Amino acid sequence: MAEQTRPSQRLLSAEQVAALMAQMKAMRQPKSFDGRCPYVGSRPFQEADARLYFGRESAIDELLDRIEQGRSVAITGAEHVGKTSLIQAGLVFGLRNGALLGSERWLIHTFTPGSQPLHNLVEACAAVAHQAKQPPMAIAALRERGLSDLDALYRFLEMLPGQNGGRLVLIADQVEAIFARPARDPERVTFVRFLAHTKHSDRVILVAALRSSALPELSAHPELAEWVERHRLDLQPLSPRELVRAIVLPALETGVEVEPQLVARLIEDALDQPYPLVALQKALHALFMALPHRRGREVRLTLADYEYFGPIRPAAPLADSAQSAAPQPLVARLGEAQAISQFERQEAQVRLMRVVTGVAGVTAIAGLALGAVGLLQNAQAGERARVAATSEARAQALATAAEQLASQAQATRLAAEASAASAEAARAAAVATRTQAEQNAALAAQARATAQANESAAIALATSVVNREQNALRAEATASALATQSASEVASARAARATAEEDRQRTRARELAALALTQLDADPQLAVLVAVEAYRTLPLPQTEDALRRAFARAFPEEGAFRHPNAVTDAQLSEDGARLLTGCRDGIGRVWDVQSGTVLTALRGHSGWVTRVAFAPDGSRLLTGSTDRTARVWNAGTGRTAVVLSGHTAAVSAVAFSPDGALVATGSADRTVRLWDAATGQPALGEPIQVGAPVSQVVFIGSDQIGVRTAQGAQRFDVRTGALLGEWVQGEEWQVESSATGVLSVRVSSAAPPLVLYGHTASATLADRRADRLVTVSADSTARIHLVRPEDLVVRAQVRVGRELTCQERVRLLSEDRQCP
């Protein structure tokens, strides 16, 4: 933990430290000692040490916020202030473990420029390309070309993260090393150009760390100085309270007890050192290693032991070679010959007793030696037993996980076989229907031929009796009757042919829809193309359903907005460009619908975000939470404008008035409250009592609100809160949800249901527009669905990027054509 703190900070008394430690212990389950040393000594924290890294939580949050917004960062700070520790144990560990949405799948790499900055940068880019599984030839070309073409390198880096929200985070640590080269050195100039002119987007994020003492060197590179100033995050020394967290929390994590008096004394002694936390960590590490410790038994660090072994003494400043350089020895009495285990200290005590008494015999010395060897063997046997038990537990856990995966795979296979059988049955029925339609078409053609023959016979009969007036009249009448009959038969034949053609198209469309479903597991994108062909053949509920199901399977990330926990509510902005969501992680988020990225994160609630709403003009946001409050936010900055407190249970409904001046909130405490949106003051003297938990609240015009509970819907006066009567709405949409996440939405009782796919857990309809529907689910996603099938066909063609090939039409659609 190579960091520095302000000597001018006010010290803490032992009583204040004890109070802080009590608060920390109250928030953690007590642990027994697990065998680890809680302190890393003088070296910087690495990613593997993240579980013991405390005190820099606010800096980590600031780093993650900037990266979530797609912004690069320049970390500056004094020597040994802890920049490397913050990067490795804070930022890198957090990103690799999903601190941001999807960051566990991002490409992340750290490098130091060192004495060969260009070579090390190219090697870092090659390592990232290997991590992204790029072809070996492309990596070899990158190493060969190097930085000769910066534009090509920028495009190459932009390509690496791939699609679906991937990002590349490239971290350059100890950048000050490049200033050891002359100002006009080509390597230094080229590396500076890469830092200052990299065409960063929200897909490629650069994090650079350098010492504050190197900032004057930036005067030779104005473009880099401007970049650092724009993206700078200045890392300040830890405060005494943060020092307490840095000492106490690692001990609690490993099950080690620390006296409050020792913590207060350590902070006081360390502040006299050039690099306080280097000295602090060195002393704590040495004190821990000097004491007897055994897994499962109590280990306690006390002020008495610290004073016995020698407190921190003033020492010469550390060498300025690298941040990881070790400080000079700081514990006087321990020294380099200090015992590092219980058994070595016992041997030292035996030697001291032998010098003082001078009477111990050879037999006693041999007995003590054999005892020490026995103790060492017992410790080694205990360690081997612990390792064996750990291996056995890990093997048992892996076996259990394998059994669970096998069960899940068996269930998935059975479901797939059932779906295939159903699709095959539907295809057989479609083939039978098509055969019947072809037979009807043949009968219609035969009837038309008979009608044409009758018409010819009538014409011939009329011509044969032309010289006989009476017979001609009779013949004319007969011919006219026959002609009329023939015309009627021809019309009937044409109608039958049209009906047969429609039946044939209907059968063909259903057959193609069934065929598309059989291709879902083998080739989802091919299934999309077949479903598009089915819908083009004839728009039917079956063909539309096949298209939606195939599109959801082929492109599961289309229209999806992933969260770290279950999504509770969502609403589109008036122009449809932004999506506001609420999540069980207590954070509201504003998304850019086009790119699928987070524009603003609304942090402030201490419970779930239950409901969200846009102001009519889109400049403000409204959220409700299980923490019994609602909040009005500034949409531009993402900061809280007003906190609405007063409910005694979770807020379950929120709404803006049409002019945005008022806010209505409903709660599980069975009340509705009206607020001034600008000041947060109640707009009514008393809340409106509704007799049941509120599920929906809506402004009806500017003078009424509609409130829905399990007991019904009612209208209330906005100015007085008086009950006006029943709230009667039009025909409501019927929504049915399954446990697998499939939603069936019926706009009216006469219309067929619209089935929405994509979710994997129970879901509900959150917002609806003429052309789009928004759903939220317990599977941690919100989704936007296209309502019009025609729009879905166009989107499917864009995503697949091709049509069915000639060979696919012959093989799948049984078309009679010659293919090249």
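The values are calculated or read from the model by the stated rules, or taken from the named source; none is laboratory data. What you see is a predicted model, and the numbers here were worked out from it, not measured in a lab. Virtual Cβ from ideal backbone geometry, glycine too; neighbours counted across all protein chains shown. Ligands, DNA and RNA are stripped out before the accessible areas are found, and what is left, the full protein with its side chains, is counted by its heavy atoms. Shrake-Rupley method; radii C 1.70, N 1.55, O 1.52, S 1.80 Å.
Restricted to the stretch 557-579, and to residues that are in contact (Cβ under 8 Å) with a residue 60 or more places away in the chain and open to solvent by 60 Å² or more (accessible area, probe 1.4 Å), which residue is nearest to Val787 (Cα to Cα)? Spell out the reasoning first.
So the first thing to find is which residues in the stretch 557-579 are in contact (Cβ under 8 Å) with a residue 60 or more places away in the chain, and the list is 557-572, 576, 579.
From what's left, open to solvent by 60 Å² or more (accessible area, probe 1.4 Å): 557, 562, 564-565.
On the way: Glu557: 17, Arg562: 21, Pro564: 27, Asn565: 27 Å.
Here the answer is Glu557.
Taken over the stretch 497-517, the residue count meeting the criterion of being over 21 Å from Arg799 (Cβ atoms) and open to solvent by 30 Å² or more (accessible area, probe 1.4 Å) is 11. Consider the stretch 164-188 and keep the residues that are open to solvent by less than 20 Å² (accessible area, probe 1.4 Å) and assigned to a loop (DSSP other than H, G, I, E, B). The one that is nearest to Ala78 (Cα to Cα) is Asp173. Any residue at all in the stretch 626-633 that is open to solvent by 60 Å² or more (accessible area, probe 1.4 Å), touching a residue at least 24 places away in the same chain (Cβ under 8 Å) and out of contact with any Ser or Thr (no Cβ under 6 Å at 6 or more places or on another chain)? Within the stretch 626-633 (the criterion being open to solvent by 60 Å² or more (accessible area, probe 1.4 Å), touching a residue at least 24 places away in the same chain (Cβ under 8 Å) and out of contact with any Ser or Thr (no Cβ under 6 Å at 6 or more places or on another chain)), the answer is yes, since at least one residue qualifies. Of the residues making up the stretch 100-150, just one is in a loop (DSSP other than H, G, I, E, B) and among the β-branched types (Val, Ile, Thr), namely Thr112.
Checking each residue in the stretch 760-783 for being open to solvent by 30 Å² or more (accessible area, probe 1.4 Å), among the β-branched types (Val, Ile, Thr) and more than 17 Å from Val747 (Cβ to Cβ) picks out only Thr760.
When Thr679, Thr720, Thr709 are checked against the criterion of being over 40 Å from the mean Cα position of the chain (by Cα) and either among the aliphatic types (A, V, I, L, M) or at negative phi (or both), Thr720 stands alone in meeting it. Taking Leu520, is it open to solvent by less than 70 Å² (accessible area, probe 1.4 Å), more than 18 Å from Gln439 (Cβ to Cβ) and not in a helix (DSSP H, G or I)? It is true that Leu520 is open to solvent by less than 70 Å² (accessible area, probe 1.4 Å), more than 18 Å from Gln439 (Cβ to Cβ) and not in a helix (DSSP H, G or I). Exactly one residue out of Ala739, Ala722, Ala710 is hydrophobic (A, V, I, L, M, F, W, C), free of Cβ contacts under 8 Å to residues at least 24 places away in the same chain and closer than 18 Å to Ser762 by Cβ: that is Ala739.
What are the residues in the stretch 580-598 that are open to solvent by 20 Å² or more (accessible area, probe 1.4 Å) and either part of a loop (DSSP other than H, G, I, E, B) or aliphatic (A, V, I, L, M) (or both), if any?
We begin by selecting, within the stretch 580-598, every residue open to solvent by 20 Å² or more (accessible area, probe 1.4 Å); these are 584-585, 587, 592-598.
Hits for the stretch 580-598 are Arg584, Asp585, Ile587, Val593, Gln594, Ser595, Gly596, Val598.
Since Asp523 meets every condition but one in (1) modelled with pLDDT of 90 or more; (2) more than 30 Å from Ala796 (Cβ to Cβ), which condition does it not meet? Asp523 satisfies every listed condition except (2). When the stretch 790-820 is filtered for residues that are farther than 15 Å from Ala527 by Cα and either surrounded by 19 or more Cβ atoms within 10 Å (Cβ to Cβ) or among the acidic types (Asp, Glu) (or both), the ones remaining, listed by number, are Glu790, Asp791, Glu815, Asp816. Scanning the stretch 768-804 for residues that are assigned to a loop (DSSP other than H, G, I, E, B), touching a residue at least 12 places away in the same chain (Cβ under 8 Å) and not basic (Lys, Arg) returns Ala770, Asp771, Ala778, Asp779, Ser780, Val787, Glu803, Leu804. Would you confirm whether or not the stretch 661-670 contains a residue that is open to solvent by 70 Å² or more (accessible area, probe 1.4 Å), modelled with pLDDT of 95 or more and not in a strand (DSSP E or B)? Checked against the condition, which is being open to solvent by 70 Å² or more (accessible area, probe 1.4 Å), modelled with pLDDT of 95 or more and not in a strand (DSSP E or B), the stretch 661-670 yields at least one hit.
Name the residues in the stretch 734-759 that are outside any strand (DSSP E or B), more than 21 Å from Leu540 (Cβ to Cβ) and either modelled with pLDDT under 90 or open to solvent by 60 Å² or more (accessible area, probe 1.4 Å) (or both), would you?
Going residue by residue through the stretch 734-759, those that are outside any strand (DSSP E or B) are 738-742, 747-753, 757-759.
Still in the list and also more than 21 Å from Leu540 (Cβ to Cβ): 738-741, 758-759.
Selection gives Ser738, Ala739, Thr740, Gly741.
For the stretch 76-124, a residue qualifies if it is buried (at least 22 other Cβ atoms within 10 Å of the Cβ) and under 22 Å from Glu187 (Cα atoms), and the qualifying residues are Pro113, Pro117, Leu121. Entry remark, the stretch 42-55: residues being in a loop (DSSP other than H, G, I, E, B) and hydrophobic (A, V, I, L, M, F, W, C) number 2 in total. Of the residues making up the stretch 51-58, one or more are under 30 Å from Pro292 (Cβ atoms) and surrounded by fewer than 19 Cβ atoms within 10 Å (Cβ to Cβ).
Quickly run through the stretch 87-109 and pick out the residues that are in contact (Cβ under 8 Å) with a residue 60 or more places away in the chain and more than 18 Å from Val228 (Cα to Cα). So that I can check it myself, show each step before the final result.
Restricting attention to the stretch 87-109, the residues satisfying the condition of being in contact (Cβ under 8 Å) with a residue 60 or more places away in the chain are 87, 91-92, 95, 98, 101-103, 105-109.
Answer for the stretch 87-109, where residues must be in contact (Cβ under 8 Å) with a residue 60 or more places away in the chain and more than 18 Å from Val228 (Cα to Cα): Leu91, Val92, Leu95, Gly98, Leu101, Gly102, Ser103, Arg105, Trp106, Leu107, Ile108, His109.
Could you grab me the full set of residues in the stretch 56-80 that are part of a loop (DSSP other than H, G, I, E, B) and either farther than 14 Å from Leu280 by Cβ or at pLDDT 90 or above (or both)? Matches in the stretch 56-80: Arg56, Gln69, Gly70, Arg71, Ser72, Ala78, Glu79.
Within the stretch 599-620, which residues are assigned to a strand (DSSP E or B) and either of a type in the set (Lys, Arg) or open to solvent by 50 Å² or more (accessible area, probe 1.4 Å) (or both)?
Start the filter on the stretch 599-620 by keeping residues that are assigned to a strand (DSSP E or B), which leaves 599-603, 609-614, 620.
Correct list: Leu599, Arg603, Arg611, Arg620.
Being open to solvent by less than 40 Å² (accessible area, probe 1.4 Å) and not in a loop (DSSP other than H, G, I, E, B) is the filter here, so list the residues in the stretch 19-41 that pass it. Hits for the stretch 19-41 are Leu20, Met21, Met24.
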